Amino acid sequence: MTDVRTIDIEAVTKRFGPVAAVNALSFQVQPGRVTGFLGPNGAGKTTTLRMLLGLVRPSQGRATFGGVPYSELVSPLRTVGAALEAASFHPGRTARNHLRVAATASGIARSRVDEVLGLVGLAEFADRRVGGYSLGMRQRLGLAFALLGDPGVLVLDEPINGLDPEGIKWIRSLLRALASEGRTVLVSSHLLSEVQQSVDDVVIIARGELVHSGTLASLSAGDSVSVLVDAPDRSALGDALAAAGYAVTRARSGLIVAGVEAEEVGRTAFEAGIPLSSLQRQSSGLEDTFLHLVEGNR
Amino acid sequence: MSTFLRTVSAETAKITTTRMWWVLALVLFVYVLVLSGGLGALFGAGSSGSLPGGTTGEIPTTGLAPLLYSFASSIGYVFPVLLGALAVTGEVRHQTLTPTLLATPRRGLVLAAKLVVLLGFGALFGVIGLVASVGGGAGALALFDIDTELGSSDTWALFARLVLAMALWAAVGIGLGSVVTNQVAVIVIVIAFTQFVEPVLRSVGALADWIGDIVRFLPGAASDALVGASVFSAMAPGQESLDWWVGALVLAGIAAVLTVIGALTTWRRDVT
């Protein structure tokens with residue numbers, strides 16, 4: 001790893017005919033962190049990544065690696081490692097040969113091919129034609145391609161798709177390790193929960209536009225809190241809470257009190273002399289916040 | 001190593017690491033071997049009077065050897081065209097254009113490297129075709145004591161021009177594939193044009209001089225002119241063909257024009 005760069009998306013727009021798949025999108029991805037690039041299917045994630053990698057020409061704006069467009073990188077595979085969602089392999093070519101072609105084109109030593117095959121756990125299948133590979137094995141081969149040049153920047157489109165639980169655990173720790181080595185790691189996903197455990201930062205887009213960007217923690221700041229409470233004498237509890245001025249909604253398992261902490265609800269019940277049977281703080285959760293952000297844009 | 005040489009090595013590896021090239025080479029070999037051997041034996045038998053009802057010397061044997069040898073290109077040229085076209089369309093079909101352009105994000109350079117590599121494979125196909133046509137043709141002629149003309153320098157000059165023709169045909173394939181990137185469409189176009197459209201047009205060319213003046217610039221006719229012998233000129237002896245070097249220029253020109261059109265249009269499209 002020689003060259004660590006930021007990823008800079010600057011006011012990028014891509015129109016396919018009259019439809020803007022990506023609209024004036026700007027964000028920056030920092031080294032040493034794993035950044036989740038999130039949004040529902042069709043939000044424009046893959047188009048953005050393909051513009052970044054010089055495969056799709058932006059209608060407007062610039063997508064660069066620290067100011068340098070992909071096509072102008074002196075040694076692209078050694079600078080940026082990319083694994084895109086589409087399974088881009090010739091079915092009749094073996095995994096080893098697939099990587100050798102790329103290594104030859106980039107002047108990367110052949111020994112590195114065996115190294116990355118071992119790293120992603122494909123060493124024993126290296127001489128098998130890719131046509132016989134499972135989705136999970138193709139994902140691993142795509143990752144091996146990305147790691148081939150030991151790049152300082154990694155761009156991975158839906159790398160978790162198709163992996164088994166063991167593979168998911170493995171890739172999560174790999175992402176953490178790559179970022180802790182100082183690399184810039186951008187991982188796209190349509191599910192926050194899929195990457196929640198491994199990302200530091202999130203960039204969320206919907207309908208081609210940025211809806212949120214910041215640390216993962218910044219996402220939970222928007223959480224709404226409520227309390228689920230119940231008592232053997234539920235109506236007495238409801239009257240007491242209403243008298244204290246809280247907004248109360250009846251639910252099957254009790255009463256939901258919005259916008260308060262459990263402590264306040266407990267004190268109100270205690271002061272009214274009502275014994276409680278349950279008292280529970282409820283947070284809407286990151287996934288709900290994520291869905292709210294994404295849908296709020298519709 | 002320069003970026004271009006690395007790209008050329010990578011493009012070579014792309015062809016040698018899949019089965020297509022040797023499957024096509026094998027079919028070319030068998031096809032040309034059977035036809036040159038079979039027709040060589042037929043003509044040989046006819047000229048020596050071994051066929052029922054024939055008399056000795058009825059069919060002239062002059063020019064028979066180069067005609068049989070030229071089967072390598074006059075019949076086999078469709079194989080380098082297919083190899084060239086598939087080298088481009090295969091990348092689109094299997095979406096390997098993505099890793100290709102990630103490793104070498106200069107599209108013109110990739111296409112130029114493909115052109116260089118396919119000129120080499122086309123020449124190799126020429127050699128393979130020649131081994132088949134000389135093996136079958138000379139073998140059959142020798143059986144009937146007809147001169148194989150293998151001692152003649154003219155014959156060896158024909159071999160050299162034939163290898164050049166096959167190399168240029170592979171380049172035509174690259175051009176065609178870069179313009180029509182749909183694999184099925186390109187295979188249909190190649191087969192229909194080489195096996196049907198051009199033979200029909202060239203037969204029509206025998207009807208009038210002015211038509212003949214046009215059809216001799218068709219790629220197959222230009223290729224036959226370059227090689228200097230072919231079944232077609234043997235069947236229509238009245239038609240004047242181009243000089244060999246003009247034939248070479250016509251083929252190279254077709255390859256160049258198609259490749260430039262492809263490079264400026266489909267090859268620049270978004271890869272999604």
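The values are calculated or read from the model by the stated rules, or taken from the named source; none is laboratory data. Every value quoted in this text rests on a predicted model; they were computed, and no experiment measured them. Note that we place each Cβ from the backbone using ideal geometry, even for glycine, and neighbour counts take in every protein chain shown. Accessible surface areas use protein heavy atoms only, side chains included; no ligands, DNA or RNA. Shrake-Rupley method; radii C 1.70, N 1.55, O 1.52, S 1.80 Å.
Of the candidates B:I189, B:I146, the single residue that is open to solvent by 60 Å² or more (accessible area, probe 1.4 Å) and not small (G, A, S) is B:I189. Pairing each residue of region A:115-139 that is among the aromatic types (F, W, Y) with any residue that is outside any loop (DSSP other than H, G, I, E, B), provided the two are 6+ apart or on different chains, yields C-beta distances under 7 Å for A:F125/A:A95; A:F125/A:M137; A:Y133/A:L141. The number of residues in region A:1-60 being more than 15 Å from the chain's Cα centre (by Cα), within 14 Å of chain B (Cβ to nearest Cβ) and of a type in the set (K, R) comes to 4. Confirm whether A:L154 is in the same structural domain as A:A179 (by TED's automatic domain parsing) and under 19 Å from the mean Cα position of the chain (by Cα). For A:L154, the condition - in the same structural domain as A:A179 (by TED's automatic domain parsing) and under 19 Å from the mean Cα position of the chain (by Cα) - is met. Sub-7 Å Cβ pairs linking a first residue in region B:141-158 that is in a loop (DSSP other than H, G, I, E, B) to a second residue that is aliphatic (A, V, I, L, M) and open to solvent by less than 30 Å² (accessible area, probe 1.4 Å), at least 6 apart or interchain, are B:F144/B:A45; B:I146/B:L64; B:D147/B:A65; B:T148/B:A65; B:T148/B:A138; B:T148/B:L141; B:E149/B:A65; B:L150/B:A138, ordered by first then second residue. Screening A:P151, A:P159 for residues that are within 14 Å of chain B (Cβ to nearest Cβ), outside any helix (DSSP H, G or I) and open to solvent by less than 30 Å² (accessible area, probe 1.4 Å) leaves exactly one candidate, A:P151. Counting only residues that are of a type in the set (A, V, I, L, M), surrounded by fewer than 20 Cβ atoms within 10 Å (Cβ to Cβ) and in contact (Cβ under 8 Å) with a residue 12 or more places away in the chain, region A:217-239 holds 3 of them. When region A:131-144 is filtered for residues that are outside any loop (DSSP other than H, G, I, E, B) and surrounded by fewer than 21 Cβ atoms within 10 Å (Cβ to Cβ), the ones remaining, listed by number, are A:G131, A:G132, A:L135, A:G136, A:M137, A:R138. Among residues of region B:43-64 that are closer than 21 Å to B:L150 by Cα and at pLDDT below 70, those with a beta-carbon under 9 Å from a residue that is open to solvent by 60 Å² or more (accessible area, probe 1.4 Å) and of a type outside the set (K, R) at least six positions away or on a different chain give the pairs B:I59/B:F43.
A:V260 satisfies every condition listed in (1) within 34 Å of the chain's Cα centre (by Cα); (2) open to solvent by 20 Å² or more (accessible area, probe 1.4 Å); (3) farther than 30 Å from A:S173 by Cα except (2).
For region A:72-82, which residues satisfy the criterion of being surrounded by 24 or more Cβ atoms within 10 Å (Cβ to Cβ) and either at pLDDT below 95 or not in a strand (DSSP E or B) (or both)? Listed by number, the residues that qualify are A:P76, A:L77. Only residues that are closer than 30 Å to A:L38 by Cα and assigned to a helix (DSSP H, G or I) were counted in region A:261-290, giving 6. The set of residues in region B:10-27 that are without any contact (Cβ under 8 Å) to a residue 24 or more places away in the chain, assigned to a helix (DSSP H, G or I) and surrounded by fewer than 17 Cβ atoms within 10 Å (Cβ to Cβ) comprises B:T16, B:W22, B:V23, B:L26. Applying the condition of being open to solvent by 40 Å² or more (accessible area, probe 1.4 Å) and of a type outside the set (D, E) to region A:83-96 and asking which residue is nearest to the other protein chains (Cβ to nearest Cβ) yields A:H90. The set of residues in region B:104-118 that are in contact with a Gly (Cβ under 9 Å, 6 or more places away or on another chain) and either more than 14 Å from every other protein chain (Cβ to nearest Cβ) or in contact (Cβ under 8 Å) with a residue 24 or more places away in the chain (or both) comprises B:L111, B:K114, B:L115, B:L118.
Name the residue that is least open to solvent (accessible area, probe 1.4 Å), counting only residues in region B:207-220 that are in a loop (DSSP other than H, G, I, E, B) and farther than 28 Å from B:A167 by Cα. Break it down stepwise before answering.
Filtering region B:207-220 down to residues in a loop (DSSP other than H, G, I, E, B) leaves B:207-208, B:216-218.
The next check asks that each one be farther than 28 Å from B:A167 by Cα; those that pass are B:207-208.
Values: B:L207: 140, B:A208: 28 Å².
In this case the residue turns out to be B:A208.
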